[in-house]
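Visitor: After the structure tokens below, expect a handful of questions from me.
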Amino acid sequence: MRYTRRDLLKATATAAISVSLPATVPRRARAQSTVKIGTAVLGAYTLSASVLVALEKGFFKEQGVNAEFVPFRGGPDLVKAVISGDVLLGLTGSTDILVFREAGSPIRMTATQADGNDFVLVGPTEGTKMAELKGKTLGVTRIGAATWVFARMAAKAQGWDPERDVKIVGLGGLDAQVAALARKEIAAFVWGDYGTVTETQGRTKLILRMDTLTPKWIASIQYASEDQIKKSPEAIRGATRALFQALRFMKQSPAESAAIIGPKLSWTPEVVRAAHAACAPVFSEDGRIHVESLRAMQDALLDAGSIKRRLPLEEHYTTEFTPVRL
């Protein structure tokens with residue numbers, strides 16, 4: 001399911017933003033029509049923040065890209081839109097590239113958005129221990145998404161069977177997860193951004209950091225379909241440069257960035273600052289793809305049963321667009 005501009009307006013009290021081409025555009029990316037930049041979810045700082053800043057500051061326009069932002073309900077929905085050509089560039093949790101490639105999806109990672117592992121398992125504010133979750137229900141964005149993979153990994157790390165000892169349900173975005181937790185329909189849920197957003201809001205408490213299970217990892221990535229990599233390399237290159245301009249700006253001007261991001265995500269300045277403090281250190285400087293981290297991820301997913309076979313790593317990515325030089 002793709003969020004329309006009206007859906008985004010309802011969800012965030014802001015409209016999706018479309019940037020027009022200047023009269024003269026850089027020869028790097030002379031876009032002929034609007035291209036869509038998609039994220040697996042809206043309320044994840046490592047995914048959405050750079051897109052929002054790039055649009056507001058005109059970085060896509062500088063790179064000759066006429067861009068529109070379209071958030072989705074999870075990685076599986078996003079990948080369908082990328083494969084169909086409806087979305088040019090997708091930003092998502094890194095496990096998607098391994099899971100979806102194994103399933104036969106013709107996509108390739110084009111850049112690293114954030115290194116490390118920013119996913120966590122969070123529960124109610126009164127506190128919950130991991131051992132208390134056996135037999136309980138855990139929330140994720142969608143079955144098959146990165147959050148689902150980590151919920152299974154967390155269960156397996158306890159020696160549990162993720163099919164029998166916990167129930168994993170797909171609930172969609174962050175607001176749905178928090179609401180289900182408040183109603184006690186779930187005992188915990190998996191999210192990114194180190195859990196800083198809901199914890200700063202006083203709505204959750206950390207149970208488990210997933211980076212304790214994954215010493216080498218990639219938090220989030222950018223990817224495109226193999227078809228678009230062939231047909232629209234300059235548009236992808238321009239969009240990628242714009243996103244890394246935004247990441248650099250966010251590090252250099254956190255206060256101005258917070259003023260842009262906060263209203264779009266309905267977050268207070270305090271929440272944005274907390275998310276920025278946690279996530280900015282892991283944002284990639286140039287999008288370089290660390291193959292050793294992909295290998296460690298592949299090993300972990302095989303061990304967890306999330307993928308069943310070891311495909312050659314070079315089939316998962318392209319180095320055509322990295323390292324990004326601004």
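Visitor: Could you size up the charge dipole of the stretch 135-202 around its Cα centre, putting +1 on the beta carbon of Lys and Arg and -1 on that of Asp and Glu, and report it in debye to the nearest 20?
Guide: With Lys and Arg at +1 and Asp and Glu at -1, about 200 debye.
Visitor: Relative to the longest principal Cα axis of the chain, at what angle does helix 233-252 sit, 0 to 90 degrees, rounded to 10?
Guide: The angle comes out at about 70 degrees.
Visitor: Run the count for the stretch 70-207, please: Lys pairs, Cα-Cα under 29 angstrom, 8 or more apart or on different chains.
Guide: Total qualifying Lys-Lys pairs in the stretch 70-207 comes to 20.
Visitor: Go ahead and estimate [θ] at 222 nm for the chain from helices alone: -39,500 (n - 2.57) per DSSP H run with n ≥ 4, summed, over the residue count, rounded to 500.
Guide: Calculated at 222 nm, the ellipticity per residue is -12000 deg cm²/dmol.
Visitor: Then there is this: Against the longest alpha carbon principal axis of the chain, how many degrees, from 0 to 90 and to the nearest 10, is the axis of helix 291-304 turned?
Guide: Value to nearest ten degrees: 30.
Visitor: Semi-axes of the equivalent ellipsoid of the stretch 177-244: what are they in whole Å, largest first, if each equals the square root of 5 times a C-alpha gyration tensor eigenvalue?
Guide: Working through the eigenvalues yields semi-axes of 35, 15, 12 Å.
Visitor: Normalised radius of gyration for the stretch 68-159, please: alpha carbon Rg relative to 2.2 N^0.38 Å, two decimal places. Mind dumping the intermediate values first?
Guide: Working: Rg = 15.2 Å, N = 92, 2.2 N^0.38 = 12.3 Å.
My calculation over the Cα atoms of the stretch 68-159 gives 1.24.
Visitor: Looking only at GluC sites (Glu not before Pro) in DSSP loops with at most 15 other Cβ atoms within 10 Å, what is the longest site-free stretch of the chain?
Guide: After excluding every exposed loop site, the longest remaining stretch is 1-125.
Visitor: Starting from the Cα gyration tensor of the chain, multiply each eigenvalue by 5, take the square root, and state the resulting semi-axes largest first in whole Å.
Guide: For the chain, the semi-axes come out at 30, 23, 17 Å.
Visitor: Between E292 and L206, what length comes free when the chain is fully extended (0.36 nm per residue of separation minus the Cα-Cα distance, one decimal in nm)?
Guide: On the way: separation 86, 0.36 × 86 = 30.96 nm, distance 2.85 nm.
That works out to 28.1 nm of additional length.
Visitor: Taking the Cα-to-Cβ direction at S266 and at K308 and moving 7 Å from each Cα, how far apart do the two end points lie in nm?
Guide: So the two model labels end up 4.1 nm from each other.
Visitor: Another one. Give the dimensionless ratio obtained when the Cα radius of gyration of the stretch 273-326 is divided by 2.2 N^0.38 Å.
Guide: Its radius of gyration relative to the 2.2 N^0.38 Å reference: 1.46.
Visitor: Binning every alpha carbon pair distance of the stretch 226-300 at 10 Å from zero, what are the percents per bin?
Guide: All Cα pairs, binned at 10 Å, distribute as 16, 33, 32, 19, 0 percent.
Visitor: Tell me, what is the Rg over Rh of the stretch 125-217, with Rh the Kirkwood radius over Cα pairs?
Guide: Taking Rh as the inverse mean 1/r over Cα pairs, Rg/Rh reads 0.92.
Visitor: Around L213, what is the net charge, scoring Lys/Arg as +1 and Asp/Glu as -1 over all other residues with Cβ under 14 Å from its Cβ?
Guide: Counting the neighbours of L213, the net charge comes to 0.
Visitor: Between A154, A259, A67, find the one with the highest GNM mean-square fluctuation for the chain; connect C-alpha pairs within less than 10 Å.
Guide: Greatest mean-square fluctuation among the candidates belongs to A259.
Visitor: Stretch Q252-K129 to full length: gain in nm at 0.36 nm per residue minus the Cα-Cα span?
Guide: Values: separation 123, 0.36 × 123 = 44.28 nm, distance 3.78 nm.
Roughly 40.5 nm would be gained on extension.
Visitor: Also, quick follow-up: Between helix 254-265 and the chain, what is the angle of the helix's C-alpha long axis to the longest principal axis, kept within 0 to 90° and rounded to the nearest 10?
Guide: It works out to around 70 degrees.
Visitor: Here's something else I'd like to know. With θ set to phi - 60°, apply the Karplus curve 6.51 cos²θ - 1.76 cosθ + 1.60 along the stretch 172-180 and write out the HN-Hα couplings as whole Hz, x wherever there is a Gly or Pro.
Guide: Running phi through 6.51 cos²θ - 1.76 cosθ + 1.60 with θ = phi - 60° gives x, x, 5, 4, 5, 5, 5, 5, 5 Hz.
Visitor: Which value, in debye to the nearest 20, gives the size of the charge dipole of the stretch 167-307 about its Cα centre, when Lys and Arg are +1 and Asp and Glu are -1 at the Cβ?
Guide: 180 debye
Visitor: Between beta-carbons, use under 11 Å as the cut-off and find the net charge around T125, counting Lys and Arg +1, Asp and Glu -1.
Guide: Values: positive: R203, K205; negative: E126, E199.
Around T125, the charge tally is 0.
Visitor: Something else: What is the percent carbon and sulfur in the accessible area of the chain, measuring with a 1.4 Å probe over the protein chains and ignoring ligands?
Guide: Here carbon and sulfur together make up 48 percent of the probe-accessible area.
Visitor: In percent, what relative contact order does the stretch 82-240 have, based on Cα pairs under 8 Å that are 6 or more apart in sequence?
Guide: On the way: 289 pairs, mean separation 68.2, N = 159.
This gives 43 percent for the stretch 82-240.
The values are calculated or read from the model by the stated rules, or taken from the named source; none is laboratory data. As the structure is a prediction and not an experimental result, all values here were calculated from the model. Backbone-built Cβ (ideal geometry, glycine too); neighbour counts: all protein chains shown. Note: accessible area is taken over every heavy atom of the protein model, side chains too, but ligands, DNA and RNA are not part of it. Shrake-Rupley method; radii C 1.70, N 1.55, O 1.52, S 1.80 Å.
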